Amino acid sequence: MVTALIGIKKNMTSTYDARGRRVGATVLEVQPNWVTQVKTVKGKDGYEAVQLGIGTKKSVKKPQIGHFKKAGIEQKVRFLKEVSIEGSEVTLGEEIAVSKVFAKGDSVKVTSTSKGKGFQGGVRRHGFHGGPKTHGQSDRHRAPGSIGSGTTPGRVLKGKKMAGHMGNATVSVKGLEVISVDKNKNLLTIKGGIPGAPGALVMITKLGKIKGYTPPPEEKEEEETEDQIKSDKSEDQNISESENIETQEEKPAEGEENA
């Protein structure tokens with residue numbers, strides 16, 4: 001069973017979660033993914049996975065065209081990604097819709113390429129606090145400070161946090177909640193923000209269900225049972241009979257007064 005699909009980040013919006021709170025959300029367009037290749041343990045690959053494709057483009061190399069024709073896909077697929085599967089229920093050339101994999105309340109992991117920030121200093125890249133602003137420190141406000149000791153070890157240790165290239169890296173965010181799934185428009189609304197710019201390619205992986213808050217069931221109007229209806233009818237009949245008896249007793253008394 002496929003537990004991950006390829007999508008495109010569209011835009012951000014605001015919506016309401018299960019508790020009725022207004023939260024920010026990200027809208028993803030997840031068109032039906034084509035299965036372009038199936039890998040099995042018994043085959044030459046030695047592991048179970050599928051290759052998914054999404055989107056089309058004008059020009060594709062001949063080897064790719066042959067690869068798609070082998071899967072029975074006439075379109076020229078633009079993006080290809082490989083995902084692991086559980087079991088062998090996937091067929092070559094199959095189209096997997098977003099509603100077959102995801103549902104409201106699912107917990108997902110979203111992987112994408114973050115926005116590139118270029119070369120940044122230590123304050124923005126790692127959150128350095130900078131140096132003192134007084135006592136003659138005129139040019140040390142955003143300086144990184146010392147990067148190591150002197151003679152021993154006499155070098156800068158690997159992994160030292162310093163200024164450098166920021167962003168444009170593969171980032172994954174886990175534990176995001178699926179708020180809604182639009183089958184007609186192939187849209188997936190996820191609570192919170194995800195890495196990447198609008199139009200970026202994203203991989204959505206299903207992790208399970210969101211744990212914690214469960215919305216209360218909707219209140220239903222109490223339906224009258226047959227026994228309640230019968231008891232109400234019997235009470236009405238008893239009241240009407242008692243009223244008739246009282247009127248019959250009052251009538252002769254009035255006749256005697258006239259006589």
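The values are calculated or read from the model by the stated rules, or taken from the named source; none is laboratory data. Predicted, not measured: the structure shown is a model, and the values here were computed from it. Reconstructed Cβ throughout: ideal geometry from the backbone, glycine too, with neighbour counts over all protein chains shown.
For the reader, a short list of remarks on this structure follows.
- Boolean, SER99 is part of a strand (DSSP E or B) and either in contact (Cβ under 8 Å) with a residue 40 or more places away in the chain or surrounded by 12 or more Cβ atoms within 10 Å (Cβ to Cβ) (or both): no
Residues are listed down the side, and each one gets a yes or a no for (1) surrounded by 12 or more Cβ atoms within 10 Å (Cβ to Cβ); (2) modelled with pLDDT under 90; (3) outside any loop (DSSP other than H, G, I, E, B):
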residue	(1), (2), (3)
ILE8	yes, no, yes
ASN11	no, no, yes
ALA25	yes, no, yes
LYS44	no, yes, no
GLY55	yes, no, yes
GLN64	yes, no, yes
HIS67	yes, no, yes
SER88	yes, yes, no
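- GLU95, sole failed condition from (1) among the charged types (D, E, K, R); (2) touching a helix residue (DSSP H, G or I) at 6+ places or on another chain (Cβ under 7 Å); (3) in the same structural domain as VAL38 (by TED's automatic domain parsing): (2)
- The range 102-139, residues that are part of a strand (DSSP E or B) and either surrounded by 13 or more Cβ atoms within 10 Å (Cβ to Cβ) or not aromatic (Phe, Trp, Tyr) (or both): ASP106, SER107, VAL108, LYS109, VAL110, THR111, SER112, THR113, GLY116, LYS117, GLY118, GLN120
- Among the residues of the range 143-168, those that are more than 30 Å from ILE194 (Cβ to Cβ) and either touching a helix residue (DSSP H, G or I) at 6+ places or on another chain (Cβ under 9 Å) or outside any loop (DSSP other than H, G, I, E, B) (or both) comprise ALA143, PRO144, GLY145.
- Leading residue by the ranking (surrounded by the most Cβ atoms within 10 Å (Cβ to Cβ)) among those in the range 27-42 that are part of a loop (DSSP other than H, G, I, E, B) and touching a strand residue (DSSP E or B) at 6+ places or on another chain (Cβ under 7 Å): VAL30
- Boolean, GLY55 is out of contact with any Lys or Arg (no Cβ under 6 Å at 6 or more places or on another chain) and either in the same structural domain as GLU82 (by TED's automatic domain parsing) or without any contact (Cβ under 8 Å) to a residue 60 or more places away in the chain (or both): no
- In the range 161-188, residue farthest from GLU86 (Cα to Cα) [restricted to those that are of a type in the set (Ser, Thr, Tyr) and at pLDDT 95 or above]: THR170
- Whether a residue is outside the structural domain of LYS183 (by TED's automatic domain parsing), touching a residue at least 40 places away in the same chain (Cβ under 8 Å) and either more than 23 Å from LYS185 (Cβ to Cβ) or within 29 Å of the chain's Cα centre (by Cα) (or both) was assessed, and GLY122 passes this test.
- Verdict on ALA163 being among the hydrophobic types (A, V, I, L, M, F, W, C), free of Cβ contacts under 8 Å to residues at least 60 places away in the same chain and touching a Lys or Arg at 6+ places or on another chain (Cβ under 7 Å): yes
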